[in-house]
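Step one of this worksheet: look at the structure below.
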Amino acid sequence: MNARRAALPRHQSLAGRLMLWVTITITALWLVAVGFGALIMQDEFGEIYDSALQETAERLTPLLLDDLRSRQDPAEAQRIEALRAPVEDEYLSYQVRDLTGRVLLHSHSATTKPFEAPLKEGFWQAEDGRIYTAVAADGVTFVQVKDTAEERDEATREGSLALLLPVLLIVPITIAAVWFAVRRVLAPVEMLRAAIAEKDGGNLAAIEAAHLPHELQPILRSVNLLLSRLRAVIASEREFTSNSAHELRTPIAGALAQTQLLLSELDGSPTRVRAQQIEASLQKLTKLTEKLLQLARAEAGIGVAETTFDIADVVGVVVTDFQRASEYADRIHFTSKLAVPRLYEGTADAFAIVLRNLIENALLHGRAGEPVEIHLTDEGNVQISNGSPQLSETELVAVRKRFARGKTVAAGSGLGLSIADRLLQQMRANLVLSSPVPGRIDGFQAEIVFPPAG
């Protein structure tokens, strides 16, 4: 049962299903109508042929009887009739028989072998045709007229084909008309579907669709109510995360300050080593806490916003902060081809977190002494590359996951790429990881790709 469900199409449009069933229904109805028409036509043709057969037999009877009486030798008359040249498309044949069943006279298309019909007035259905027997006035002479089954079948086939041929033209025209009508009628549904599809982590604004049909208005109201609740929940989570960040930073910073003060007082003491270990642990905890808070803010949806920021400005500020740090100043190489401001919808704070995580990742895990290249393209995309051994496709997928780290001994939490990827999804941008760096044989590159402007 599950395999059967898996074989069925999982995503089929409402218009597609409606058109499929309408097409099947219209085609089936037309074929049924043609079938009934063919049956009725066959019955009507049978009545017409029977009437013509009976009328022909009744008209031939006196003529053939007079002709038979005028001949001296019936056997010779029979032979002469049989040898006459055939007439093209002759559909009827006849025999004149006596009371004993002997053939006294027959048409050229009939044989001397008597018809299988009994010598009794009326119709008889033979294997190869239909026969009507008429009784002459003398009561001892019988005229049997026969038409072929092939002629009747041919008439039925041609009549059925005449009914079917217009259907082959009418059905496509009808389906095209129905398709046009369905598209027009379902246009509001498609408009609502497209508007709902645009709603994601980066766009939770209410849907404005004033011209929707009455049946779709409750759906629109429900969706807008849900979006309103989501906006309220996200705003509440942002406020909680912001407050939590301050609450967590304060005690850790206090503990670190007290430890550093204790180190200054323990100069030359044997316990100074322990104090240094505590300081290192607190600094590591500070960095981990910072990453966890960033992750919490990302999960709270800080990338979702209706404001805009200038990509070049944020990149410039973040790069300058890293260059001011003496340990990174000589490794950061920044270039830009963006000639005009590139505004993008989102928060500058979220984008700055993305940049900091990607640059920190390049500095920590890149080869020591090799530069970290930061390039701003003319489309507004940001490329951050560093020297490193080539990573496989499996490793490129794995490093996106939380707490996942590549083959490195450098310190880190394994959250930087995960946080950046999550925030960029909320901003409707993509994080593209490449190894080796395009145009090189090794290295690692993280590129932030924004949708085209406009």
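Name the residue from Asn224, Val437, Met41 whose Cα lies farthest towards the positive end of the charge dipole of the chain, charges +1 on Cβ of Lys and Arg and -1 on Cβ of Asp and Glu. After comparing all options, I get Val437. A cut-off of 5 Å between modelled amide H atoms, ignoring neighbours fewer than 5 places along the same chain, links Val372 with Ile332, His333. Dipole check for segment 164-289: with +1 at the C-beta of Lys and Arg, -1 at the C-beta of Asp and Glu, and the Cα centre as origin, the magnitude is about 220 Debye. Here the Karplus relation 6.51 cos²θ - 1.76 cosθ + 1.60, evaluated at θ = phi - 60°, turns the backbone of segment 25-34 into coupling constants of 5, 4, 4, 5, 5, 5, 5, 4, 4, 5 Hz, with x for every Gly and Pro. Please compute the length gained on full extension between Val317 and Ala155, using 0.36 nm multiplied by the number of residues separating them and subtracting their Cα-Cα distance. My answer for the length gained is 49.3 nm. Partners of Lys401 within straight-line reach, counting aspartates and glutamates whose Cα lies under 19 Å from its Cα and excluding those fewer than 8 residues away in the same chain: Glu290, Glu299, Glu360, Glu393, Asp421, Glu447.
Which of the listed residues, Gln426, Ala305, Gln276, is farthest toward the dipole's positive end in the chain, when Lys, Arg count +1 and Asp, Glu count -1 at the beta-carbon? The residue sitting farthest along the positive end of the dipole is Gln276. Note on the chain: with charges restricted to the Cβ of Lys and Arg (+1) and Asp and Glu (-1), its dipole about the Cα centre is near 2940 debye.
Here the dipole of segment 97-232 is about 840 debye; that uses its Cα centre as origin and unit charges on the Cβ of Lys and Arg (positive) and Asp and Glu (negative). Dipole orientation for the chain: of the candidates Gln294, Ser70, Thr335, Gln294 has the Cα lying most toward the positive pole (charges on Cβ; Lys, Arg +1; Asp, Glu -1).
Each Lys or Arg adds one and each Asp or Glu takes one away; over the other residues whose Cβ falls under 9 Å from the Cβ of Phe123, this sums to 0. Between Glu55 and Val233, the distance separating the two model label sites (each 7 Å from Cα on the Cα→Cβ line) works out to 8.4 nm. Each label point was placed 7 Å from the Cα along the Cα-to-Cβ direction; for Ile441 and Arg400 their separation is 2.9 nm. Taken along the Cα-to-beta-carbon direction at a fixed 7 Å, the label points for Ala197 and Ala181 span 2.6 nm. Bridging of Lys146 to lysines at a Cα separation below 22 Å is possible for Lys113, Lys120, once same-chain residues fewer than 8 apart are set aside. Taking a ≥ b ≥ c as the square roots of the eigenvalues of the Cα gyration tensor, segment 240-351 is oblate, since a/c reaches 1.5 or more and a/b is not larger than b/c. Taking θ as phi - 60° and the Karplus parameters 6.51, -1.76 and 1.60, the scalar couplings of segment 443-448 work out to x, 9, 9, 10, 10, 8 Hz in sequence order, x denoting glycine and proline. Between Ile170 and Glu190, take the C-beta separation as r, use R0 = 45 Å, and let me know the FRET efficiency to the nearest 0.05. My answer for the efficiency is 0.95. Counted residue by residue at 0.36 nm each, then reduced by the alpha carbon distance between them, the extension gain from Glu121 to His108 reaches 2.4 nm.
At a Förster radius of 56 Å, what calculated FRET efficiency corresponds to the Cβ-Cβ distance of Val449 and Ser264, to the nearest 0.05? Efficiency at R0 = 56 Å is approximately 0.70.
Evaluate E = 1/(1 + (r/R0)^6) for Ala257 and Tyr328, where r is the Cβ-Cβ distance and R0 equals 30 Å; express this FRET efficiency to the nearest 0.05. Efficiency, from the Cβ-Cβ distance: 0.75. Applying both filters, DSSP loop and at most 14 other Cβ atoms within 10 Å, to the GluC sites (Glu not before Pro) of segment 93-197 gives Glu116, Glu121, Glu127.
The slack in the chain from Arg221 to Ile24, taken as 0.36 nm per residue of separation less the alpha-carbon distance, amounts to 67.4 nm.
Overall, the anisotropy analysis places the chain in the prolate class: the square-rooted eigenvalues a ≥ b ≥ c of its C-alpha gyration tensor yield a/c not less than 1.5, with a/b exceeding b/c. A viscosity of 0.890 mPa s and a temperature of 25 °C, combined with the Kirkwood radius over Cα pairs in Stokes-Einstein, give a translational diffusion coefficient for segment 141-199 of 149 µm²/s. Between the DSSP loop rule and a limit of at most 14 other Cβ atoms within 10 Å, which trypsin sites (Lys or Arg not before Pro) in segment 282-391 are left? When the trypsin sites (Lys or Arg not before Pro) of segment 282-391 are filtered for loop state and at most 14 Cβ neighbours within 10 Å, Lys337, Arg367 remain.
No value in this document is a laboratory result; all are computed from the given coordinates. For clarity, every value in this text was computed on a predicted model and none was experimentally measured. Backbone-built Cβ (ideal geometry, glycine too); neighbour counts: all protein chains shown.
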